[in-house]
Amino acid sequence: MATLYTIRELAKEFDLTTRAIRFYEDMGLLRPERQGPGGRNRMYSARERARLRLTLRAKRLGLSLMQAKDIIDMYDSPRDTAPQLEKFIEVLASHRQQLESQLDEIQANLDEVKQHEREAKALLNKHNTKSKRSSTIVTTD
């Protein structure tokens, strides 16, 4: 008999809320079996558990849920993995380019912050030097 998981078991295992798992289901990433009266109980197979794990991995990589779905759905197709791997490489390359662009923007912002910090420190030093000179009162008798 195949192992089945309840929504609560998966939520606990992956440190998610049951609402998040239902959201992934609504997005078409998961397709649990329905059991019980009116199909109210969701039961997840090992396959669905693996899909959830892949979804979370894609999310950690910064992929959108739709990109994750496209890639994961390819594994449901016939067993020729070349198209799957080509699509995965394409998505990763695109995502890498986006991250590199963001990194360039962050580096430019960081350089600008450092420049403002240097200028502010120089102004503060200049101000402190002036204050020290003006507070020194020379008196003659």
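The values are calculated or read from the model by the stated rules, or taken from the named source; none is laboratory data. Since we're looking at a predicted model, the values are computed, not measured. Neighbour counts run over all protein chains shown; Cβ positions are idealised from the backbone, glycine included. Note: areas computed on protein heavy atoms with side chains; ligands, DNA, RNA excluded. Shrake-Rupley method; radii C 1.70, N 1.55, O 1.52, S 1.80 Å.
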- [ ] For the chain, with all protein chains present and a 1.4 Å probe, just round the carbon and sulfur fraction of the accessible area to a whole percent.
- [x] 55 percent
Open item on the list: Straight-line reach only, C-alpha to C-alpha below 22 angstrom: list the lysines that Lys69 could link to, leaving out same-chain residues fewer than 8 apart.
Closed with: Lys59, Lys87
Open item on the list: Suppose a student asked you for the relative contact order of the chain, using Cα pairs under 8 Å spaced at least 6 residues apart; what percent would you report?
Closed with: 15 percent
Open item on the list: Accessible area per residue for the chain in Å², computed with a 1.4 Å probe and the full protein assembly in place, what is it?
Closed with: 76 Å²
Open item on the list: So, R0 is 22 Å and r is the distance between the beta-carbons of Arg57 and Glu86; what FRET efficiency does that work out to, to 0.05?
Closed with: 0.70
TODO: Kindly provide the helix-only [θ] at 222 nm of the chain, computed as the sum of -39,500 (n - 2.57) over DSSP H runs of four or more divided by all residues, to the nearest 500 deg cm²/dmol?
DONE: -24000 deg cm²/dmol
Task: Highest average packing first - 98-108, 48-58, Cβ atoms within 10 Å - done: 48-58, 98-108
Task: Residues Gln97 and Arg22, FRET efficiency given R0 of 25 Å [Cβ-Cβ distance, rounded to 0.05] - done: 0.15
TODO: Could you point to the label whose value was computed as Cα Rg over 2.2 N^0.38 Å for the structure here, given [x] 1.99; [y] 2.34; [z] 1.01?
DONE: [x]
